[in-house]
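**Q** Quick one: this structure, given as structure tokens, is what I'll be asking you about.
The values are calculated or read from the model by the stated rules, or taken from the named source; none is laboratory data. In this text the structure is predicted, and so the values were computed from the model without any measurement. Because the Cβ atoms are built from the backbone with ideal geometry, glycine has one as well, and the counts that use them run over all protein chains shown. Side chains included, ligands, DNA and RNA excluded: accessible areas come from the protein's heavy atoms. Shrake-Rupley method; radii C 1.70, N 1.55, O 1.52, S 1.80 Å.
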Amino acid sequence: MAYELAGKRVWVAGHRGMVGGAIVRRLASEDCEVLTVGRQDLDLTDQRAVLGWMERERPDAVFLAAARVGGILANSTYPVDFLRDNLLIETAIFSGAHAAGVGKLLFLGSSCIYPKFAEQPIREESLLTGPLEPTNEWYAIAKIAGIKLAQAYRQQYGHDYISAMPTNLYGPGDNFDPAASHVLPALIRKVHEAKATGAPVTVWGTGSPLREFMHVDDCADACVFLMRHYSDAPHVNIGAGSEISIRDLTALVMDVLDYAGEIVTDPTKPDGTPRKLMDNSRLTAMGWRPRIGLREGIADAYAAFLAGEGRGL
Ligand code: GDP
């Protein structure tokens, strides 16, 4: 039996983030009341404040997309912020959901929860089978704790709390700051700027690593799908099921932005892990499929970049 969102009060925690923002857009086509609260009005690390807000607002369902996020540099510079703030946000919202009688909660993590040397494509069962990537273990440990909190509330209280782990996401609201961004927004910016001067496009590393990409609107659609149709303890990967090399991705971004310049590699920058692909078969077996192809998605992300919809611009 599906969990229907129609007529429900649905809180999207983290609506200012890329994923939370996409979930709010996606919920516009559901017949539900979307609740959001700004950072200035509610500190999500403040358990008492979160409890008070949830008891007043009484959400029926919660999408927990709020987190302190950042790249490799931020993670290794501010380990306390990444571990402590994320644990506090999770504890506050799970406790609040329990106290306020929330009927369904979806907790969102990321693919960095998996062991550094997990077998590819990465299956949900790989969780906690090996050491994490040390550069983001602070964030990963907090996200693993979130999965376990959802499972613990299910086991101890029978609450319908579920978890989903999306692959690399991109789209409107992305971070385009060259020092902090992930590869796809970085390439959109680099190609846009190179096109203006006719300069070559510099790709970090060798260009040979393989990565998987999903448009954030597909991820939001998968989140709503899981909210309605999934009700079990194991977390679920949200993946596109296909991968592309960084060099081919660069060529595709150049094609979409209509720039026929030269590509050069910068081997002084790290490649990172050679391959990172999620196994999405648990999700696709339920009948969900991504809809936005990479070319179309990049065009949409570029339009958002040109419209100034993003951070670090
Ligand atoms: P990762 O998936 O955790 O490795 O994160 P990234 O998205 O930052 O990097 C993915 C791959 O893209 C790595 O092999 C990078 O070396 C490569 N890459 C190429 N150019 C860039 C760039 O300008 N920025 C970033 N972040 N990565 C780049």
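**Q** Just the residues that are modelled with pLDDT of 95 or more and among the polar types (S, T, N, Q), please, taken from the range 68-119.
**A** Asn86, Thr91, Ser95
**Q** Evaluate the range 152-164: report whether one residue or more is touching a residue at least 24 places away in the same chain (Cβ under 8 Å), within 15 Å of the ligand (Cβ to nearest atom) and surrounded by 19 or more Cβ atoms within 10 Å (Cβ to Cβ). Steps first, please.
**A** From the range 152-164, those touching a residue at least 24 places away in the same chain (Cβ under 8 Å) are 153-155, 157, 159-164; that's our starting set.
Among the residues that remain, those that are also within 15 Å of the ligand (Cβ to nearest atom) are: none.
No, every residue in the range 152-164 fails to be touching a residue at least 24 places away in the same chain (Cβ under 8 Å), within 15 Å of the ligand (Cβ to nearest atom) and surrounded by 19 or more Cβ atoms within 10 Å (Cβ to Cβ).
**Q** Which residues, counting only those in the range 86-125, are of a type in the set (S, T, N, Q), open to solvent by less than 40 Å² (accessible area, probe 1.4 Å) and more than 19 Å from the chain's Cα centre (by Cα)? I'd like the intermediate steps shown before the answer.
**A** First pass over the range 86-125, keeping only residues of a type in the set (S, T, N, Q): 86, 91, 95, 110-111, 120.
Then drop every residue that is not open to solvent by less than 40 Å² (accessible area, probe 1.4 Å), which leaves 86, 95, 110-111.
The one that is of a type in the set (S, T, N, Q), open to solvent by less than 40 Å² (accessible area, probe 1.4 Å) and more than 19 Å from the chain's Cα centre (by Cα): Ser95.
**Q** Could we say that Val201 is more than 25 Å from Ser76 (Cβ to Cβ) and either at pLDDT below 95 or within 10 Å of the ligand (Cβ to nearest atom) (or both) here? First the steps, then the outcome.
**A** On the way: more than 25 Å from Ser76 (Cβ to Cβ): yes; either at pLDDT below 95 or within 10 Å of the ligand (Cβ to nearest atom) (or both): yes.
So Val201 passes the test.
**Q** Would a scan of the range 257-264 turn up a residue that is small (Gly, Ala, Ser), out of contact with any helix residue (DSSP H, G or I) (no Cβ under 8 Å at 6 or more places or on another chain) and modelled with pLDDT of 95 or more?
**A** Initial filter on the range 257-264 (small (Gly, Ala, Ser)): 260-261.
Subset that is out of contact with any helix residue (DSSP H, G or I) (no Cβ under 8 Å at 6 or more places or on another chain): none.
No, that holds for no residue.
**Q** While we're on this one: Test each condition in (1) loosely packed, with under 15 Cβ neighbours inside 10 Å; (2) under 23 Å from the mean Cα position of the chain (by Cα) for Val10 and report the one that comes out false.
**A** It is condition (1) that Val10 fails.
**Q** Turning to a different aspect of this structure: Is it true that Ala186 is within 14 Å of the ligand (Cβ to nearest atom) and part of a helix (DSSP H, G or I)?
**A** Numbers: within 14 Å of the ligand (Cβ to nearest atom): yes; part of a helix (DSSP H, G or I): yes.
Spelling it out, Ala186 is indeed within 14 Å of the ligand (Cβ to nearest atom) and part of a helix (DSSP H, G or I).
**Q** Could you tell me whether Tyr259 is within 16 Å of the ligand (Cβ to nearest atom) and of a type in the set (Phe, Trp, Tyr)? Quick ask: steps written out before the conclusion?
**A** Details: within 16 Å of the ligand (Cβ to nearest atom): yes; of a type in the set (Phe, Trp, Tyr): yes.
When the stated conditions are applied, Tyr259 passes them.
**Q** Tell me which of these Ala240 doesn't satisfy, since it passes every other one: (1) away from the ligand (no atom under 16 Å from the Cβ); (2) within 30 Å of Tyr153 (Cα to Cα).
**A** All conditions pass for Ala240, except number (1).
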